[in-house]
Amino acid sequence: MRVLATFALAAEFAPWRKLGGFEAERWGDTPVHRKRRDCIEWIVALTGAGPENAGRAATQALERETFDLVISTGLVGALRGEDRPGAVLVARRVIRMEDGREIVPAGEWIERAVEQGAREAVFGTSRRVAVTAAEKRKLAATADAIEMESFAVLEAAWTRGVAATAIRAVSDAAETDLPVDFNRAFDASGRLRSGRLAAEVARRPTALGGLLRLERESRRAAGILAEFLERYVRAA
């Protein structure tokens, strides 16, 4: 079985990569990591943040190689109070927030995720990071969790007749304000630039403590997600 998993950022993938077995490649501008375990071949593509970058990288991968399953994965912001950092969510629907278009992931893969402990949720794909709790409350009228890439990745798979799903771990709770505006820290390729992030912290020096807490929660959530993905496809 050949599985394509897309992460926006290297930091989201880092705990899984540390488990070992991956070999690095590069497909054009996209960093790719490949490993084979038992009868499963994983190809992980680091797409960069945002729907355009994710859609472009997923399309490139699907045109280059053949896959049995595509998983849009990484971290997600919760919009419901019950979803705490570290919770694993599987999308029963993915909504593009700008126009309300929806994609329904492959049902059998939703069921398998639930069997492994994930909770079903409606994912909203946005062009920007939801920074404040007030923003999240508004988005909660439409979705249960907010991220930036799943609709584009699933659309690329769907147009090619490849089964796809979206599975993500919660990095920040619904009531949490992010310590900085991460929208200012991405470059055009969707990479998080440390210099830009440092500039945001310089604007609000009190944000440093919150940024460190978010980093710890995100690292923990990414570790939980890595273990989930390994057993999820293996169980299938």
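Throughout, read-outs are computed from the coordinates displayed, never taken from laboratory work. All values reported here derive from a predicted model rather than from experimental measurement. Neighbour counts are summed over all protein chains in view; Cβ atoms, including those assigned to glycine, are modelled from backbone coordinates with ideal geometry.
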What do you get for the angle between helix 51-64 and the principal long axis of the chain? Use alpha-carbon atoms, 0 to 90 degrees, nearest ten. 20
Taking the alpha-carbon distance from K18 and a cut-off under 25 Å, which lysines remain once sequence neighbours fewer than 8 residues away in the same chain are dropped? K35
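Please give the charge dipole size of segment 2-235, origin at the Cα centre, charges +1 on K and R Cβ atoms and -1 on D and E Cβ atoms. Round to the nearest 20 debye. Please list the in-between numbers first.
Working: 37 positive and 34 negative charges, 107 e Å.
For segment 2-235, the charge dipole is close to 520 debye.
Sum up the charges of everything whose Cβ sits under 13 Å from the Cβ of I167, counting Lys and Arg as +1 and Asp and Glu as -1, but leave I167 out.
Numbers: positive: R92, R112, R119, R168, R231; negative: E12, E111, E115, E120, E147, E149, E227, E230.
Net local charge, I167 excluded: -3.
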Acute angle (nearest 10 degrees) that the helix 207-235 long axis makes with the longest principal axis of the chain, alpha-carbon atoms: 10
Considering only segment 21-159, what is the antiparallel percent among its DSSP beta bridges, to the nearest 5? 60
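Neighbour counts of other C-beta atoms within 10 Å: give me I224, I71 arranged from fewest to most.
Values: I224 17, I71 30.
Arranged by neighbour count, lowest to highest, I224, I71 become I224, I71.
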Whole-number D in µm² s⁻¹ for segment 87-223, Kirkwood Cα-pair radius fed into Stokes-Einstein, 25 °C, 0.890 mPa s: 153
Positive-end residue of A49, A141, I71, charge dipole of the chain with Cβ unit charges: A49
How far, in degrees from 0 to 90, does helix 194-203 lean away from the longest principal axis of the Cα atoms of the chain, to the nearest 10? 30
Segment 2-235: relative contact order in percent, alpha carbon pairs under 8 Å with at least 6 residues between: 26
Loop-located GluC sites (Glu not before Pro) in segment 94-145 whose Cβ has at most 12 other Cβ within 10 Å (DSSP): E98
Kirkwood estimate for the chain, i.e. one over the average of 1/r between Cα atoms, Å: 17.6
